[in-house]
Structures are given as structure tokens and as C-alpha cells.
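One structure is given below, encoded as C-alpha cells.
The values are calculated or read from the model by the stated rules, or taken from the named source; none is laboratory data. The structure presented is a predicted model; accordingly, all values stated were derived computationally and were not measured. Cβ sites come from the backbone with ideal geometry, for glycine too, and all protein chains shown count toward neighbours.
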There are 2 protein chains.
Amino acid sequence: MSTAPATLAVPVPAARIRPAAARRFAESARTVPSLATFEQAVEDTRERVRTVTERVPLDRLNGWRHDEDTGFITHESGRFFSVEGLRVETQGPRAAWGQPIINQPETGILGFLVKEIGGILHFLMQLKAEPGNRNGLQLSPTVQATRSNYTGVHGGQPVPYLEFFQDSARRRVIADVRQSEHGTRFLCKRNRNMIVETTEPVEARDGFVWLTLGQIHHLLAVEDLVNMSTRSVLACLPLEGGAPHTGDEDFGTALARSLTPGSLELHPLANVLSWITEARTRSEMRAHTVPLDALADWAVSDGRISHQAGRYFDVIGVRVEALGREVGQWCQPMIHARAAGLVAFLITRVRGVLHVLMQVRAEPGLTDTAELAPTVQCTPDDCARLSPGERPLFLDLAQNARAADIRFDTVLSEEGGRFYHTGSRHLVVETGWLPEPPDFRWLTLAQLEELTQHSYYLNMQARSMMACLRSLFHGDAR
Amino acid sequence: MSTAPATLAVPVPAARIRPAAARRFAESARTVPSLATFEQAVEDTRERVRTVTERVPLDRLNGWRHDEDTGFITHESGRFFSVEGLRVETQGPRAAWGQPIINQPETGILGFLVKEIGGILHFLMQLKAEPGNRNGLQLSPTVQATRSNYTGVHGGQPVPYLEFFQDSARRRVIADVRQSEHGTRFLCKRNRNMIVETTEPVEARDGFVWLTLGQIHHLLAVEDLVNMSTRSVLACLPLEGGAPHTGDEDFGTALARSLTPGSLELHPLANVLSWITEARTRSEMRAHTVPLDALADWAVSDGRISHQAGRYFDVIGVRVEALGREVGQWCQPMIHARAAGLVAFLITRVRGVLHVLMQVRAEPGLTDTAELAPTVQCTPDDCARLSPGERPLFLDLAQNARAADIRFDTVLSEEGGRFYHTGSRHLVVETGWLPEPPDFRWLTLAQLEELTQHSYYLNMQARSMMACLRSLFHGDAR
């Protein structure tokens with residue numbers, strides 16, 4: 001063996017990061033100081049940071065045009081994103097369809113900066129007003145920036161705190177993984193979900209607040225407050241349930257066990273991965289882009305693109321005027337859902353360990369064919385016309401759940417930069433054991449956490465629901 | 001909580017699969033019975049199973065045509081695969097280029113059936129003659145079948161043992177993951193790498209043999225014998241190094257420690273994943289297909305497609321006559337490399353634990369931008385013309401290694417169904433500590449094994465090299 005020159009010192013191997021971080025985040029989840037300061041910050045910021053959004057016809061959007069060559073709606077700079085037509089072919093009940101879809105190939109950053117304050121990990125949260133928000137401010141990650149944002153294409157201000165995500169010397173990485181956005185609305189869109197810790201002194205600027213995980217969990221139960229990007233990144237966080245006493249059989253204990261790696265699991269991970277591989281191999285879904293006016297069931301009327309039966313969503317145009325950090329005024333297309341969505345987790349206890357019924361689901365915009373979705377993911381209004389055999393499995397069970405079985409029930413917004421006044425009811429329902437249809441499996445939260453370390457396993461809705469379910473963890477038996 | 005009806009019994013949770021399997025495969029690796037029976041089987045099979053491959057001009061390939069609409073070479077049935085032009089744009093020294101590439105969207109199965117015989121796991125290996133093999137038979141997985149194979153498009157015989165991979169009741173899954181094929185030769189091609197165990201009685205048919213992992217490891221040192229698919233699947237196998245004594249400092253012990261999860265590692269996995277995410281986000285590589293005759297540096301002459309400077313590879317035509325299981329006669333295009341490739345692992349010991357210097361590398365045909373590649377992956381002849389600054393890092397170090405530092409050195413074939421007489425030198429060189437350039441990291445074998453549970457982390461060459469390096473594990477100190 002060659003001998004290394006003495007000047008080339010081998011670096012000191014680093015300790016594993018996740019197990020210790022998982023315990024420290026659990027401690028943060030147990031810590032819920034008063035939210036009075038936070039509420040004051042929201043009031044103060046609401047005055048200074050807001051957007052006024054006005055609907056305008058698509059053909060009168062400054063800076064955007066209908067590209068004659070492609071038939072897409074594009075920005076004149078060629079940047080940002082485009083609205084394209086997508087033709088989808090698959091097997092199954094709805095064998096082929098067309099739809100508009102957003103193509104935004106850039107990978108943005110959704111990042112939490114975390115830091116110990118008084119020995120407890122705190123998250124630097126941003127109070128952000130997005131044009132699609134129904135209610136003005138929402139709680140956003142420290143950094144939520146498209147590549148256009150942070151490379152200055154918008155001509156806006158520099159992105160605060162971005163340096164902690166770009167300069168590896170200034171932080172320790174806890175999670176850093178590209179995750180998909182909605183596979184039915186975006187074409188292969190991925191964002192980089194990051195959690196980084198710093199030990200430098202960091203001051204919360206105007207419009208930013210430090211919160212514990214316990215406080216964020218508390219706020220998740222507030223309608224339309226914790227935004228989609230925050231929920232997405234929260235699902236990538238390591239969170240350890242501890243070692244609950246055997247014999248305790250309450251909900252909190254079952255949840256804590258589910259969060260703990262090494263707890264009993266109905267399906268070993270090798271089988272879960274094989275089930276996903278099988279579904280991806282089997283999927284016959286094929287999609288290709290077409291001009292918007294080649295979509296048979298969609299038409300432009302009243303300056304928006306709508307489904308001819310009034311279903312699903314519209315592509316609308318908006319003019320935005322922003323007060324605060326972002327650049328002053330711009331126009332853009334947005335997605336406006338015709339009705340609220342429903343995402344639901346059915347959960348059950350298997351020998352005292354909480355399991356979630358996950359669905360493997362192909363979506364045309366996903367980079368890798370199919371990902372895990374919540375038990376139910378649909379727009380109930382669009383399902384009303386379906387025959388009983390066509391309705392999504394478990395939809396009726398979730399919608400008709402008794403109040404006593406509902407563990408979480410809050411309407412939360414889709415991403416306010418692309419979705420206009422669009423939200424989904426997030427519902428967690430506890431049930432007895434149910435047998436698994438072929439595309440469904442009962443998994444533990446520790447298994448879901450294992451999967452969110454990697455790209456393309458949990459879709460956006462599943463990550464959002466995972467954040468909601470984990471928010472019920474308080475570290476103590478209930 | 002609702003109560004489950006008594007008739008819906010919760011299934012018994014299964015034990016974790018991988019840790020126990022990893023120990024059983026280690027036991028199989030330690031077991032190296034005589035290869036006399038195997039050698040006899042090779043002799044017997046060589047008589048009955050072979051292919052005669054004759055080169056024919058591309059424009060005289062029965063069943064294939066130059067598609068006027070697309071400019072691709074396609075099969076008249078629309079099945080199998082096509083040869084397309086690819087235009088690639090990127091940053092860096094070779095900023096844009098064109099090349100032919102194979103588009104084969106179907107996902108095939110590469111699968112080992114394993115079974116305990118005398119308490120030791122054995123692999124059912126197939127002696128397979130592929131048209132591109134230089135030497136006739138090679139050792140293949142139990143099943144190596146494109147979707148066209150196993151759905152009968154070829155009109156051939158049913159694929160033996162396929163039922164164990166398709167019928168979940170007849171096997172236990174140990175690994176099941178879609179992995180990429182060569183990202184410079186195939187467009188988003190993926191195969192399903194599977195290892196399944198059965199307890200049913202299984203007889204080895206003609207042309208199949210049962211081997212222990214130790215025997216396969218032994219045979220990996222034989223030139224052009226263990227085929228590419230076998231190497232790919234071997235890398236997805238869980239293999240545990242045990243708990244070597246502290247203080248032992250020989251190579252075998254350092255290798256065993258590297259195989260054992262929980263051993264010291266230079267970079268925690270969170271940092272490794274972040275480094276990969278960063279590289280994928282940063283990559284500016286964009287590729288789109290173009291007609292073959294739009295490739296500026298490539299031309300058809302003598303019935304093949306060649307680079308005008310005689311570099312890289314040719315696309316040739318062959319007529320194949322097969323004796324044995326497969327259908328009798330067919331024509332197809334193949335890739336013929338102009339010169340042998342080199343894939344090399346530099347390895348070093350960090351505090352007694354073997355680490356491999358891995359490279360993160362973007363390739364135009366990869367589904368997800370960039371994957372981990374060996375330290376060196378190139379065709380040395382094509383690099384000879386490059387200036388010192390353009391030459392691949394570590395190429396000279398690998399090529400000029402002293403014999404005493406070489407741990408593995410064997411020429412092994414690329415996949416003989418698409419590559420004609422094309423092989424790469426597989427080289428493992430032990431070195432002292434070397435500092436890591438930005439796109440390189442020293443990783444343990446346990447970390448690589450963790451990553452091969454998931455798609456798109458290790459490219460084909462890295463998996464092939466991983467199989468070679470792990471073949472040096474005998475379970476005993478050397």
C-alpha cells in the first residue's frame with residue numbers, strides 16, 4: 001500500500017447526523033412557548049408585507065405571450081415557467097385525457113435554517129404574502145426561492161439567509177433532498193427541500209420569527225396558515241418518538257412508537273420498496289406535451305382556460321402588486337381549482353404502533369412514474385358524478401368519519417405562488433384494521449421518514465399529510 | 001376508535017429482511033465448493049447453447065428501417081428499441097456534442113433466484129450466449145429478460161423461472177429496485193434488479209447451475225465470464241462484513257469493516273445525500289433527440305454509423321443465429337466500442353475501514369441527471385489526445401499503479417445483447433489518502449449498499465465495480 005504524504009491529513013470522520021438530530025427535534029416538538037410574540041409579529045408584518053392580486057384575462061398579461069411555435073403560454077424572457085398542454089395515456093377507467101400543466105424546469109430551494117436557542121432547536125420562519133393566498137400572510141420556510149429568485153432574474157432584492165444554504169462552511173446539513181411538486185399540475189417540477197443548522201449568531205429580520213417545532217405543530221391546526229412549502233420540508237425532518245412504555249395504549253403512545261425506527265412494522269422495508277418498484281414497472285402512463293389549443297376538452301373563454309364541463313381547475317391570469325420585500329408589480333398565470341381538494345390519511349394501530357394506509361399512485365408530471373400518495377387524494381366535487389365503482393377507494397369512509405375518529409381536520413393552502421385561492425382539506429381518520437387493496441399498504445411513520453430522505457417516494461400531498469399527522473406528536477402520552 | 005370486525009384479522013408483521021439476509025449472504029460468500037461440476041456444465045452447455053453472429057450493413061438489417069419521420073433506426077414492429085440521435089448541451093470542457101443513443105423504454109427483469117442448499121444460500125445462474133459475447137457463454141442471472149422477451153413479442157420460448165419473479169406467493173423478496181443502464185449509451189433505460197428467495201424445490205434445468213456467492217466471487221476474476229447483468233444485481237445484494245477484531249489491520253479486515261453498517265465512515269450519509277443533491281441541482285446538462293443524420297460528427301459509412309474521427313463507438317448491424325433456448329434467427333443493431341474502457345476504484349483505509357473514492361457524474365441518458373460513478377470511468381484511447389488539464393482525474397494514477405497496489409484487475413464484458421465485443425478493464429487500486437476534489441467523496445461499501453436499495457444512485461459501472469470489490473470479501477482475514 002502506498003503511504004500518504006504526511007501533509008495530506010485524513011479528515012476526522014464525522015458522527016452520524018440523523019439519530020441525534022431526530023432526538024433534538026423531538027425535544028423541540030415538546031416545547032411550546034407562548035405564541036404571543038409570534039402573533040404580534042404577524043400583526044406588525046401584515047401592515048408592511050402584502051400583495052394585492054387582481055384577475056386579468058390571460059391575453060392581457062404583461063410579459064406573457066401565446067407562443068405560436070409551441071402553442072404554450074410563455075414568458076417573453078423565456079424564464080420562469082410556461083403553461084403547456086399535456087396529453088396523457090394510461091390503462092384504467094380514465095384511459096386518456098388532456099390537461100394544461102405548468103412546466104418549470106428549474107429547481108428551487110425550500111429551506112429551514114434552524115438553530116439552538118436556550119438549548120432547544122428553533123426554526124427561522126418567514127411570514128410571506130404570496131399572490132394566491134386567500135388570507136395574506138402564511139408561514140413559509142426561511143428560504144423559499146426559485147432559481148430565478150436567487151439568481152436575480154426577477155430584479156428583486158437578494159434572498160435573505162440564502163448564504164446558509166449555499167455556503168457549506170456556515171451550516172450543518174440535516175436534510176437536503178429534491179422532492180416532487182404536484183404531479184397533476186407540474187411537469188417534472190422538483191424543489192430542493194433543505195434543513196440546515198447553524199451555530200452562528202443569527203438575527204430574525206423583519207418578517208421572520210423563530211419558532212419551536214412544537215409551536216409550528218400547534219399552528220398547523222390553523223386554517224390556511226402553515227404554507228405548502230413548510231409542510232413539504234417538515235416531512236423531510238428526522239423526528240424520533242422515543243421509547244414509550246409498553247402497556248400504554250393511548251393514541252399519543254401509538255404515534256410515538258410509529259415515529260421510532262425499530263418499532264414493529266407490518267411490512268419490512270424490502271417489501272415496501274418491491275411493491276413500489278412493481279407499481280412503477282407496471283404503470284403504462286405515458287404523457288407528452290401538445291399545444292394548449294389541441295386539448296379537446298379545454299377552451300379559452302373569458303380570458304382563462306377552463307374545462308368545458310367546468311371541472312378540475314382553470315388557468316387564470318393575475319396582476320400582482322406587492323408591498324414588502326419582493327419586486328413591486330408583475331403579471332402571471334395561476335392555477336385556480338374549481339373546488340376544494342381532499343387529502344386524507346386513514347390510520348390504524350397494529351399491536352400498538354400507528355400505521356398509515358398509503359397509496360402508490362401514478363401521476364403524469366412525476367419524474368419517476370408513481371409515488372406514494374395519501375389514502376385519499378381527490379377533489380370530491382369532481383368525484384360526485386362518478387359511479388360507485390369509479391369513486392376513489394376510501395373516499396366515502398374518510399368523508400363520513402365520525403367526529404370521534406377524526407384526529408386532524410384543517411383546510412390548508414396549496415402553494416400561493418402558482419395556485420390561486422386553492423386549498424385542500426387535510427383529514428386524519430383513525431379506523432379499525434382494513435385489508436389492503438393492491439395499490440395500498442399500511443406503513444409506519446418511521447418508514448415514511450426513511451423514504452423522505454430520498455427523492456420521488458412521497459408525493460407533495462403525502463408529505464403535507466405526513467407533516468399534519470406528525471404535528472399530533474407532543475412527546476407525552478395524551 | 002372504530003373496532004375492526006372480527007373477521008378482518010390483522011396479518012402478522014414480518015421480520016426485517018435485510019439484516020438476516022446480509023449475514024446469510026456473507027456465509028454464502030465464505031463457502032467455495034469445487035467448481036468441477038460448474039466447469040463440466042459449461043462444457044456441456046457450450047455444445048448446445050451458442051450464437052453465431054455475423055456483421056451486416058445497417059441498411060440490410062431484416063426487420064429494421066430508417067424511419068423517415070424521426071430519422072431514427074427502428075424495428076418495423078415498433079417494439080424492442082430504436083437508435084436515435086442525441087444532442088447534449090452542458091457546461092464544462094466538452095460543452096456540446098451529438099451522439100447516437102439507444103432508446104429502449106421498456107423495463108426488463110434481471111433477477112437471481114436464490115435458495116438454501118445444505119443450509120447455504122445458492123444462486124441459480126444461467127449460462128447464456130449473447131450475440132455480442134466475445135467468448136460464447138457468460139454467467140447470467142436466473143432471469144434476464146426484456147419485457148418483449150417475457151411477453152412473447154420475440155415469439156420465443158417462455159422464460160424459465162420467471163414465475164418466481166412475478167408471483168409474490170412463491171418467493172420472498174430480498175431486493176427489487178430499478179437501476180439505470182449506461183447513461184452514455186441508453187436513454188433513460190432502466191432494468192428491474194431483483195433477488196428473490198424460494199423454499200420450494202427447484203431443479204436446475206439444462207444450462208442453469210447453482211453456485212454459492214463464494215463461487216461467483218471466485219469467477220469474477222475470470223476474464224469475460226460473469227456478465228454485466230450479474231454484476232449489476234450483485235451490487236444490490238445485502239452483504240454483511242461481520243464484526244472484525246479491533247487491531248487487525250490487514251486488507252480483508254478493512255474490507256469486512258467497510259461492509260458492516262455502523263463502522264466508521266468519513267462522511268455521514270446526510271452529507272453524502274446533500275452532495276449528490278447539490279450536484280444534481282447544479283448540473284446544466286440538457287439533452288434532446290434529433291435525427292441520426294443531424295449529428296454533425298457522425299456519418300454512415302460501410303453500413304455502420306461512426307464518429308468521423310474514429311472515436312468512441314460504432315453502431316453496427318448483425319445477423320444472429322442462435323442454437324439453444326432463444327428464437328432461431330434475427331437481425332439487430334449493436335454498439336461496438338472502438339477501444340476497451342477502463343473503470344477503476346481507488347480505495348484507501350481510513351482508520352482501518354476501507355473507503356472507495358466515488359465520483360458524482362452527469363450523463364445524458366440518466367433518468368435523474370447524475371449518479372455515482374467509479375473513480376475513473378473512461379476509454380483511455382479517447383483520452384490520449386486530451387491535454388493534461390482535460391484528462392479525467394485519477395486516470396494516470398490508476399493506469400500507472402504498481403502491481404503491489406492492485407487488488408483486482410479483470411476485463412469484463414458489457415451487456416452482450418446490445419454491445420458487440422465490448423469490454424472494460426475493471427481495476428481496484430489501493431492508495432494512500434488523497435484529498436477529495438469537489439465531485440469526489442470517499443465512501444464505505446456499507447454506504448454504497450445503502451444507496452443501491454434505491455434507484456438512480458449508482459450507475460452501471462459503479463455497480464459493476466462494487467461487485468468486483470466485494471468479491472474480495474472472503475469472510476476471513478487474508
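Could you please let me know if residue B:109 is closer than 24 Å to residue B:170 by Cα, within 14 Å of chain A (Cβ to nearest Cβ), in contact with a strand residue (DSSP E or B) (Cβ under 7 Å, 6 or more places away or on another chain) and in contact (Cβ under 8 Å) with a residue 60 or more places away in the chain? So residue B:109 fits the description; yes. For the stretch B:451-465, the criterion of being within 14 Å of another protein chain (Cβ to nearest Cβ), under 14 Å from the mean Cα position of the chain (by Cα) and β-branched (Val, Ile, Thr) is satisfied by at least one residue. Listed residues A:65, A:87, A:79, A:55; which is of a type in the set (Lys, Arg) and over 28 Å from residue B:285 (Cα atoms)? The unique qualifying residue is A:55. For residue A:309, the stated conditions hold: it is over 24 Å from residue A:453 (Cα atoms), aliphatic (A, V, I, L, M), surrounded by fewer than 13 Cβ atoms within 10 Å (Cβ to Cβ) and free of Cβ contacts under 8 Å to residues at least 24 places away in the same chain. State all residues of the stretch A:323-339 that are in contact with a Pro (Cβ under 8 Å, 6 or more places away or on another chain) and part of a strand (DSSP E or B); if no residue qualifies, say none. Within the stretch A:323-339, A:332, A:334 meet the criteria.
Residues that are under 19 Å from residue B:348 (Cβ atoms) and either touching a helix residue (DSSP H, G or I) at 6+ places or on another chain (Cβ under 8 Å) or modelled with pLDDT under 95 (or both) within the stretch B:385-400 comprise B:392, B:395, B:399, listed in sequence order. Scanning the stretch A:27-73 for residues that are in contact (Cβ under 8 Å) with a residue 12 or more places away in the chain, of a type in the set (Ser, Thr, Tyr) and surrounded by fewer than 16 Cβ atoms within 10 Å (Cβ to Cβ) returns A:37, A:70. Taken over the stretch B:266-306, residues that are among the charged types (D, E, K, R), within 23 Å of residue A:106 (Cα to Cα) and touching a residue at least 24 places away in the same chain (Cβ under 8 Å) amount to 3. Inspect all residues belonging to the stretch B:360-374 and state whether any of them is over 20 Å from residue B:186 (Cα atoms) and of a type in the set (Val, Ile, Thr). No: the stretch B:360-374 contains no residue that is over 20 Å from residue B:186 (Cα atoms) and of a type in the set (Val, Ile, Thr).
Residues that are aliphatic (A, V, I, L, M) and modelled with pLDDT of 95 or more within the stretch B:300-316 comprise B:305, B:315, B:316, listed in sequence order. I'd like to check something: does the stretch B:5-19 contain any residue that is crowded, with 16+ Cβ neighbours inside 10 Å, of a type outside the set (Val, Ile, Thr) and away from chain A (no Cβ under 14 Å)? No: the stretch B:5-19 contains no residue that is crowded, with 16+ Cβ neighbours inside 10 Å, of a type outside the set (Val, Ile, Thr) and away from chain A (no Cβ under 14 Å).
With respect to residue B:230, is the statement that it is away from every other protein chain (no Cβ under 14 Å), in contact with a helix residue (DSSP H, G or I) (Cβ under 9 Å, 6 or more places away or on another chain) and crowded, with 19+ Cβ neighbours inside 10 Å true? Taking the combined requirement at face value, the residue satisfies it. For the stretch A:381-435, taking the residues that are away from chain B (no Cβ under 12 Å) and hydroxyl-bearing (Ser, Thr, Tyr), the one that is farthest from residue A:226 (Cα to Cα) is identified as A:387. When the stretch A:340-381 is filtered for residues that are within 22 Å of residue A:467 (Cα to Cα) and assigned to a loop (DSSP other than H, G, I, E, B), the ones remaining, listed by number, are A:340, A:352, A:363, A:366, A:374, A:375, A:379. For residue B:44, indicate whether it is in the same structural domain as residue B:301 (by TED's automatic domain parsing), farther than 20 Å from residue B:134 by Cβ and modelled with pLDDT of 90 or more. No, not satisfied. All conditions but one from (1) away from every other protein chain (no Cβ under 12 Å); (2) out of contact with any strand residue (DSSP E or B) (no Cβ under 7 Å at 6 or more places or on another chain) apply to residue B:368; the one that does not is (1).
For the structure I just gave you, tell me whether residue B:253 is touching a residue at least 12 places away in the same chain (Cβ under 8 Å) and either within 14 Å of chain A (Cβ to nearest Cβ) or within 30 Å of residue B:128 (Cα to Cα) (or both). Here the answer is yes, as residue B:253 does meet what is asked.
Residues of the stretch A:197-204 include at least one that is in contact with a Phe, Trp or Tyr (Cβ under 7 Å, 6 or more places away or on another chain) and either closer than 23 Å to residue A:117 by Cα or in contact (Cβ under 8 Å) with a residue 24 or more places away in the chain (or both).
Where strands (runs of 3 or more DSSP E) fall wholly inside the stretch B:382-478, the ranges with 1 or more residues that are surrounded by fewer than 18 Cβ atoms within 10 Å (Cβ to Cβ) and free of Cβ contacts under 8 Å to residues at least 40 places away in the same chain are B:406-413. In the condition set (1) over 19 Å from residue B:82 (Cβ atoms); (2) out of contact with any helix residue (DSSP H, G or I) (no Cβ under 8 Å at 6 or more places or on another chain), residue B:295 is compliant with all but (1). Within the stretch A:284-321, which residues are of a type in the set (Gly, Ala, Ser) and under 24 Å from the mean Cα position of the chain (by Cα)? Of everything in the stretch A:284-321, those that are of a type in the set (Gly, Ala, Ser) and under 24 Å from the mean Cα position of the chain (by Cα) turn out to be A:287, A:317. Scanning the stretch B:172-205 for residues that are away from every other protein chain (no Cβ under 14 Å) and among the acidic types (Asp, Glu) returns B:181, B:200, B:203. The set of residues from the stretch A:283-304 being within 30 Å of residue B:188 (Cα to Cα) and surrounded by 15 or more Cβ atoms within 10 Å (Cβ to Cβ) comprises A:283, A:285, A:287, A:289, A:290, A:291, A:292, A:295. Whether a residue is of a type in the set (Val, Ile, Thr), at pLDDT 95 or above, outside the structural domain of residue A:449 (by TED's automatic domain parsing) and touching a strand residue (DSSP E or B) at 6+ places or on another chain (Cβ under 6 Å) was assessed, and residue A:347 does not pass this test.
All of (1) surrounded by 17 or more Cβ atoms within 10 Å (Cβ to Cβ); (2) farther than 28 Å from residue B:47 by Cβ; (3) more than 20 Å from the chain's Cα centre (by Cα) hold for residue B:115 with one exception: (2). Being farther than 30 Å from residue A:444 by Cβ and modelled with pLDDT under 95 holds for only one residue in B:50, B:87, B:30, B:16, and it is B:50.
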